[in-house]
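The values are calculated or read from the model by the stated rules, or taken from the named source; none is laboratory data. Predicted model only: the values in this text are computed from it and were never measured. Note that we place each Cβ from the backbone using ideal geometry, even for glycine, and neighbour counts take in every protein chain shown.
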Amino acid sequence: DEAAAENLRWKAYDPAKLADAEWKLSLLGRLDAAIDSGEVWVAYQPQLDVASGRISGAEALVRWSHPEKGEVSPMEFVLAAEQGNRIDKLTEFVLSDAIKTAASFAARGETFDIAVNISARLLEKPGLIGTVRRLLDESRLPPERLTLEVTESAAMTSGRASIRTLEEIGSVGINVSIDDYGTGFSTLEYFKKIPATEVKIDKSFVNLLDRNASDRLMVRSTIELAHSLGRIVVAEGVETDEILAELVKLGCDRIQGYLIGRPMKVAQLVRLIADRTHAAAA
Ligand code: C2E
Ligand code: MG
Ligand code: MG
Ligand code: MG
């Protein structure tokens, strides 16, 4: 009817949407140059291994330090890259940086696990596994040191091609993590079907863990289920000592969050690890 048509017209010319589309296009247009110039770079957020008390690895998180706009959220430009068919290029850049970083730790005799986020879209197409294996070979990093994170909602809605990619990733020894777990309403059935080695509990369940009984129940049952299936559990978004203590009590394997460290440059991470090793030895 007329009201609906008017509504559509209004939407099509919504200035906010137009500005958003232009903004994304401008990001896409600059992406290659921004990668080459270092405006786009990779930050590393440490993960604490509860059993050993050491920083056992990090998650690679892409950053864009834009000269005019400041820090642009990866939520924005990753989406732009997905929509503009440039996610292959962006992901290869992050993978390459992350694998080199992990290899540099390995060269100093430290085992260091590296996690990289992978868009659902990339699982549907062939090519990812070849790229990853080439980069691992070039840096001589064992596949066991790498984890690819796929969000729970992406894993759930993925079709046969994506499941096959995940199986292939697993068959060559690379780890798969279900990221943002708890936000995708997946069933026990599905949990078993995805060839994952790790479950990463979403920060929305971790945030109020020490104050919210239903969150605690969710986290506890996830840890029990994951362990019974032989998977390890990581909690993201850990900001306080109280929440850390709670997670340790519940048997969580790894901890990631501002309490341990924010996403940072490699040099800072190296310093953080050295400082902790020093403190532990003292
Ligand atoms: P994610 O993979 O779930 O990453 C965790 C996000 O939580 C990161 O946000 C991290 O900075 C933030 N975080 C970590 N600890 C804490 C904490 O204690 N408190 C709070 N409030 N936040 C914490 P970031 O870096 O803004 O990334 C947002 C999302 O963008 C990521 O969520 C991931 O889905 C996506 N992303 C980032 N880098 C890449 C990438 O290289 N490729 C792809 N495909 N996606 C990426
Ligand atoms: Mg992640
Ligand atoms: Mg996450
Ligand atoms: Mg998240």
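Residues of segment 142-161 being β-branched (Val, Ile, Thr) and within 15 Å of ligand 1 (Cβ to nearest atom), which ones? Step through it out loud before you land on a result.
Initially, segment 142-161 is screened for residues β-branched (Val, Ile, Thr), giving 147, 150-151, 157.
Passing the criteria: THR147, VAL150, THR151.
Of everything in segment 193-209, what is more than 14 Å from ligand 3 (Cβ to nearest atom) and in contact with a Lys or Arg (Cβ under 8 Å, 6 or more places away or on another chain)? Give them in sequence order. First the steps, then the outcome.
Start the filter on segment 193-209 by keeping residues that are more than 14 Å from ligand 3 (Cβ to nearest atom), which leaves 193-195, 197, 208-209.
Of everything in segment 193-209, those that are more than 14 Å from ligand 3 (Cβ to nearest atom) and in contact with a Lys or Arg (Cβ under 8 Å, 6 or more places away or on another chain) turn out to be THR197, LEU209.
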Review point. Residue check, THR101 against (1) in contact (Cβ under 8 Å) with a residue 60 or more places away in the chain; (2) within 16 Å of ligand 3 (Cβ to nearest atom), all met but one. Which one?
Key: (2)
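I'd like the residue in segment 148-161 that is surrounded by 15 or more Cβ atoms within 10 Å (Cβ to Cβ) and not charged (D, E, K, R) and, out of all such residues, is nearest to ALA98 (Cα to Cα). Quick ask: steps written out before the conclusion?
Taking segment 148-161 first, the residues surrounded by 15 or more Cβ atoms within 10 Å (Cβ to Cβ) are 148-156, 158.
Right, trim to not charged (D, E, K, R) and you get 148, 150-151, 153-156, 158.
Details: LEU148: 11, VAL150: 16, THR151: 19, SER153: 24, ALA154: 22, ALA155: 22, MET156: 26, SER158: 25 Å.
Among those residues, the one meeting the criterion is LEU148.
Pull up segment 22-56, narrow it to residues that are β-branched (Val, Ile, Thr) and within 16 Å of ARG262 (Cα to Cα), then point me to the one that is farthest from ligand 1 (Cβ to nearest atom).
Here is the first cut: in segment 22-56, the ones β-branched (Val, Ile, Thr) are 35, 40, 42, 50, 55.
Now restrict to residues that are within 16 Å of ARG262 (Cα to Cα): 42, 55.
Details: VAL42: 7, ILE55: 14 Å.
Top of the filtered list is ILE55.
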Check your understanding: In this structure, does LYS100 turn out to be away from ligand 4 (no atom under 16 Å from the Cβ), more than 24 Å from ILE194 (Cα to Cα) and in contact with a Ser or Thr (Cβ under 6 Å, 6 or more places away or on another chain)?
Key -> yes
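Just give me the residues in segment 104-127 being closer than 28 Å to ALA154 by Cβ and in a helix (DSSP H, G or I), in sequence order. Break it down into steps so the answer makes sense when it comes.
Filtering segment 104-127 for residues closer than 28 Å to ALA154 by Cβ gives 112-127.
ALA120, ARG121, LEU122, LEU123, GLU124, listed by residue number.
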Study note, to complete from the structure: Only one of (1) within 16 Å of ligand 3 (Cβ to nearest atom); (2) small (Gly, Ala, Ser); (3) without any contact (Cβ under 8 Å) to a residue 24 or more places away in the chain does not apply to ALA226, and that is (3)
Exercise for review: Look through segment 225-267, keep the residues that are touching a strand residue (DSSP E or B) at 6+ places or on another chain (Cβ under 6 Å) and among the basic types (Lys, Arg), and return whichever of them is modelled with the lowest pLDDT.
Suggested key: ARG231
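Conditions (1) touching a Ser or Thr at 6+ places or on another chain (Cβ under 7 Å); (2) under 18 Å from SER52 (Cα atoms); (3) more than 16 Å from ligand 2 (Cβ to nearest atom), marked per residue:
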position: ASN175; (1), (2), (3): yes, no, no
position: THR183; (1), (2), (3): yes, no, no
position: ILE201; (1), (2), (3): yes, no, no
position: ALA226; (1), (2), (3): no, no, yes
position: ALA282; (1), (2), (3): no, yes, yes
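Would segment 156-165 turn up any residue that is polar (S, T, N, Q) and closer than 16 Å to GLU198 by Cβ?
Residues of segment 156-165 that are polar (S, T, N, Q), as a first pass: 157-158, 162, 165.
Add one more test, that the residue is closer than 16 Å to GLU198 by Cβ, and what stays is none.
No, segment 156-165 contains no residue that is polar (S, T, N, Q) and closer than 16 Å to GLU198 by Cβ.
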